[in-house]
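What follows is a short report on a single structure.
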Amino acid sequence: MRVQNVPDPTIQDPTDIVIRVTSTGLCGSDLHLYEVLAPFMEPGDIVGHEPMGVVEEVGSAISHLDVGDRVVIPFNVSCGHCWMCTNRLQSQCETTQNHEWGTGASLLGYSKLYGQVPGGQAEYLRVPHADFGAVKVPNGPPDDRYLFLSDVLPTAWQGVEYADVPEGGTLLVLGAGPIGDMASRVALHRGLRVLVADLVPERLQRVAGRGAEAIDITDLGDASLAEVVRDRTDGRGPDSVLEAVGMEAHGSGGIKAVQKLVGLLPDKLAEPLMLKAGTDRLEALLSAFDCVRRGGTVSISGVYGGAADPLPMFQMFDKQVQVRMGQANVRTWTDDILQLLNRDEDVLGVETFATHHVSLDEAPDAYETFQKKQDGAVKIVFRP
Ligand SMILES: NC(=O)c1ccc[n+]([C@@H]2O[C@H](COP(=O)([O-])OP(=O)(O)OC[C@H]3O[C@@H](n4cnc5c(N)ncnc54)[C@H](O)[C@@H]3O)[C@@H](O)[C@H]2O)c1
Ligand SMILES: [Zn+2]
Ligand SMILES: [Zn+2]
């Protein structure tokens, strides 16, 4: 990861805009590019998919935005008018799907697997399909009031929607990173009982401070997480589990070694191996199936990339587990979330959500700090 000067982006299509980026987030998804997905990265790829800023230039087909408007940019690059987009599945947009790699809609700054679109950890950004994507937000409040509309908020929101918790029910959130933390805030706001499991003490303290019941997975004694959680839920388990960890979960030592080895191969060898035979670190996902009550729902927000992951089908079938997952369909949720953000009160605590604000020059160090979970880093925001 390095900071480099590149030519400023320009309008290429009538539906483009160019923005001057004022704030731009660092995400757990960026860490996958930094580690296990690194074989798909090419020198010069610009990363980052959580930007907001000020419109500098608009293409001829843009009618809802003017130069000077304040906008947040969703991480999905989606057209808004194909079959998938009109069915609220923008992460599967048929205009920007990537047939070469068999992947869904393009994403900002997410390697050739997702369209190799130059990303938003930059001073300026070309926004393709801005006629549909760019979300106009009011002037006045600080950037952090709106910034998380680009990814964290809609991802957390969709994760809770997909978890389908019955009214007054219990949700177990695995992972207290930005996504798990925000999902637990959304669920608490909806009046649910929320348990959160992680292994980083400061992260657990943060969610506990907002009313979730925190569980340290390194402090379970001889019990499994499922046993501990069942004890707290009438012996039955939570109605739903939201998995907000992903493929780099703590715990599966053997797989981690294989992922590292694949990462060391030349890209030409590593790519087919990962796409056809790759496996994930499944610790968190397996504990989701183990913890959820019979007939409950597992909602997977964490990103997985394996092609040959062994799953406990007997347990999943016998327990009648329902499963939903996928990249967030950002624009499906932004209007509802924006209404909440526009209240005077900061209901979800977004303005104090980021733990670090740093300049772009500090990006290489910030990636390392976030990956190693040092210095209390939960959410890092760059201010270009
Ligand atoms: N679906 C989407 O659209 C979408 C969008 C954004 C992020 N994500 C994914 O969500 C996941 C979380 O993102 P983040 O930004 O919060 O990242 P993060 O890496 O900071 O958070 C992961 C958390 O999981 C914890 N963890 C690790 N192993 C665990 C285990 N076995 N049990 C419980 N907790 C464990 C870690 O300590 C960490 O706090 C990532 O996989 C990211 O790619 C998905
Ligand atoms: Zn993100
Ligand atoms: Zn589309």
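Among the residues of segment 183-196, those identified as in contact (Cβ under 8 Å) with a residue 60 or more places away in the chain and within 19 Å of the chain's Cα centre (by Cα) are A183, R185, V186. Exactly one residue among G133, G169, G177, G159 is within 16 Å of ligand 3 (Cβ to nearest atom), at negative phi, out of contact with any His (no Cβ under 8 Å at 6 or more places or on another chain) and in contact (Cβ under 8 Å) with a residue 60 or more places away in the chain, and that residue is G133. Within segment 375-382, the presence of at least one residue that is on the phi > 0 side of the Ramachandran plot, charged (D, E, K, R), open to solvent by 30 Å² or more (accessible area, probe 1.4 Å) and at pLDDT 95 or above is confirmed. Screening G28 against (1) more than 20 Å from G302 (Cα to Cα); (2) open to solvent by 10 Å² or more (accessible area, probe 1.4 Å) leaves a single unmet condition, (1). For segment 343-374, residues that are among the polar types (S, T, N, Q), within 21 Å of D198 (Cα to Cα) and in contact with a strand residue (DSSP E or B) (Cβ under 8 Å, 6 or more places away or on another chain) total 2.
Helices (runs of 4 or more DSSP H) fully within segment 59-166 that include at least 2 residues being open to solvent by less than 10 Å² (accessible area, probe 1.4 Å) and more than 16 Å from ligand 2 (Cβ to nearest atom): 152-163.
Do you know which of the residues in segment 320-348 that are assigned to a loop (DSSP other than H, G, I, E, B) and under 18 Å from the mean Cα position of the chain (by Cα) is farthest from P141 (Cα to Cα)? Out of the qualifying residues, it is G326.
Which of the residues belonging to segment 37-56 are open to solvent by less than 10 Å² (accessible area, probe 1.4 Å) and either over 14 Å from the mean Cα position of the chain (by Cα) or without any contact (Cβ under 8 Å) to a residue 60 or more places away in the chain (or both)? Within segment 37-56, P39, F40, M52, G53, V55 qualify. Scanning segment 113-140 for residues that are touching a helix residue (DSSP H, G or I) at 6+ places or on another chain (Cβ under 6 Å) and more than 17 Å from W333 (Cβ to Cβ) gives a single hit, L113.
In segment 227-234, the count of residues that are modelled with pLDDT of 95 or more, in a helix (DSSP H, G or I), touching a Gly at 6+ places or on another chain (Cβ under 7 Å) and surrounded by 15 or more Cβ atoms within 10 Å (Cβ to Cβ) is one or more. For G109, are the conditions met, namely being away from ligand 3 (no atom under 16 Å from the Cβ) and touching a Phe, Trp or Tyr at 6+ places or on another chain (Cβ under 9 Å)? The answer is yes for G109.
Scanning segment 172-223 for residues that are in contact with a Gly (Cβ under 9 Å, 6 or more places away or on another chain), acidic (D, E) and open to solvent by 10 Å² or more (accessible area, probe 1.4 Å) turns up D198, E202.
V55 meets the stated requirement of being more than 16 Å from ligand 2 (Cβ to nearest atom) and at negative phi. Going through (1) modelled with pLDDT under 95; (2) of a type in the set (D, E, K, R); (3) on the phi > 0 side of the Ramachandran plot one by one, E100 falls short only on (3).
The residues listed here are S150, S91; of these, the one that is closer than 30 Å to V347 by Cβ, among the hydroxyl-bearing types (S, T, Y) and within 16 Å of ligand 3 (Cβ to nearest atom) is S91. Of the residues making up segment 349-374, those that are surrounded by fewer than 13 Cβ atoms within 10 Å (Cβ to Cβ) and part of a loop (DSSP other than H, G, I, E, B) are S359, K372, Q374. The residue that is nearest to L149 (Cα to Cα), counting only those in segment 375-384 that are touching a residue at least 24 places away in the same chain (Cβ under 8 Å) and assigned to a loop (DSSP other than H, G, I, E, B), is K379.
The values are calculated or read from the model by the stated rules, or taken from the named source; none is laboratory data. Just so you know, these numbers come straight off a predicted model, no measurement behind them. Backbone-built Cβ (ideal geometry, glycine too); neighbour counts: all protein chains shown. With ligands, DNA and RNA removed, areas are computed over all heavy atoms of the protein, side chains included. Shrake-Rupley method; radii C 1.70, N 1.55, O 1.52, S 1.80 Å.
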